[in-house]
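The values are calculated or read from the model by the stated rules, or taken from the named source; none is laboratory data. Computed from a predicted model, the values in this text were never measured in an experiment. All Cβ positions, glycine included, derive from the backbone under ideal geometry; neighbour counts span all protein chains shown.
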Amino acid sequence: MSDSTDNNTFVFIIGSPRSGTTILGEILDKHEKISQWYEPYFVWDRHFRTHLHDERTVQEATPKISHQIYTDFLKYQRKTGSNIIVDKSPRNSLKMPFIRKIFPRARFIHILRDGRDATLSIHKEWLQRKNIVNDPQKINHFDYKNALIVVGKWLQRQPFIMDKIRALWFETHGHIINKNKHLNRLRWNGEVGWGPRFKGWETFFFEKSMLQFNAIQWAKCIESIKKSWSKIPVEQKIEIRYEDLSSKGEQIITHIFNFLKLDTNKDFWESIPKLKANNFNKWKNEFSNDQISQIHAILTPMLIESGYEDNADWAQ
């Protein structure tokens, strides 16, 4: 499959979960020439729904699968009437060669966040899912109300009714009333889980604590991105940091639109979501010493490689 459209037609925001992909996607979506397609896993994984992990290879981008995915994205672009379609799916961090095979001229925005803050936020999401499934205050230990809120918010992200139906069917495959298969448990072998599944996740899932597993998710996503990053032509990629987006929002957003060769106006700046200034280093106040010791060895190599630390002494 060859992307015969303009270089800017498809843009992929790459990053680990809780690294700022959502807020960046919402910001870009406010531009009159851009529409975000929020995590269309029912498109990406239509042929891989029963696979054990989310990593995809170039070889798996067969002509049939490439045509299906590319055509779905092209149809979405036509339905929205936008020049550019943005996808911010965190699982895409594990399948960049696969994506580039299907969209060879696509552009990539990597948003990188301190792995300690990302792990903290990932962990909170996992705890929320655990509490919904095992709420001790509920007679059957399943919190249907909050489960419906989670599903409702997720479905609202799809602007077209047919995509809502496709997304719901893909995630549940008919198990809508079976609470034992809700909240991604079809993906996690019946367990409660969330986010990208790297190859071999099952071993870590049962051998490590939940917090350690969350830290591994961040590290595996960044490792996968870095492995592919050097192979992308310089004019097709840009990397930003979540911390810079939070503290220097207008400057970073302008930088991104220069990369996309788009202008902005007053209406755009007035419509974008408000950024939380200095929304970083939260881990210093929220992690206990025991939690820091759990994730120290997992995060340190990539923290150093990514420039967040100079050495392994940060835990002290």
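Quick look at the numbers
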| read-out | value |
| --- | --- |
| Residues located in segment 258-284, provided they are in a helix (DSSP H, G or I) and of a type in the set (Ser, Thr, Tyr) | 271 |
| Counted residues, segment 102-122 - those being over 19 Å from residue 305 (Cβ atoms), in a helix (DSSP H, G or I) and in contact with a Lys or Arg (Cβ under 9 Å, 6 or more places away or on another chain) | 3 |
| Odd one out for residue 264 among (1) in contact (Cβ under 8 Å) with a residue 24 or more places away in the chain; (2) over 28 Å from residue 34 (Cα atoms); (3) among the β-branched types (Val, Ile, Thr) | (2) |
| Looking only at segment 171-224, and only at residues there that are of a type in the set (Asp, Glu), touching a helix residue (DSSP H, G or I) at 6+ places or on another chain (Cβ under 8 Å) and more than 16 Å from residue 297 (Cα to Cα), the one that is modelled with the highest pLDDT | 191 |
| Long-range neighbours under 6 Å by Cβ, at least six apart or interchain, first residue under 16 Å from residue 132 (Cα atoms) within segment 191-203, second hydrophobic (A, V, I, L, M, F, W, C) | 192/133; 194/126 |
| Qualifying position, being at pLDDT below 95 and either under 30 Å from residue 213 (Cα atoms) or touching a strand residue (DSSP E or B) at 6+ places or on another chain (Cβ under 9 Å) (or both), among 5, 57, 50 | 50 |
| Any chance residue 75 is surrounded by fewer than 17 Cβ atoms within 10 Å (Cβ to Cβ) and either in a loop (DSSP other than H, G, I, E, B) or basic (Lys, Arg) (or both) | yes |
| Set 33, 130, 75: member being at pLDDT 95 or above, of a type in the set (D, E, K, R) and within 24 Å of residue 154 (Cβ to Cβ) | 75 |
| Residue pairs meeting the criteria (Cβ under 6 Å; at least 6 apart or on separate chains; first closer than 17 Å to residue 103 by Cβ and without any contact (Cβ under 8 Å) to a residue 24 or more places away in the chain, in segment 29-56; second in a helix (DSSP H, G or I) and of a type in the set (Ser, Thr, Tyr)) | none |
| Selection within segment 215-232 - surrounded by 14 or more Cβ atoms within 10 Å (Cβ to Cβ), out of contact with any Lys or Arg (no Cβ under 9 Å at 6 or more places or on another chain) and farther than 23 Å from residue 27 by Cα | 219, 223, 226 |
| The listed residue being out of contact with any strand residue (DSSP E or B) (no Cβ under 6 Å at 6 or more places or on another chain), within 24 Å of residue 50 (Cα to Cα), among the charged types (D, E, K, R) and exposed (fewer than 13 other Cβ atoms within 10 Å of the Cβ), out of 235, 207, 250 | 207 |
| Tally, over segment 294-316, of residues that are part of a helix (DSSP H, G or I) and over 26 Å from the mean Cα position of the chain (by Cα) | 4 |
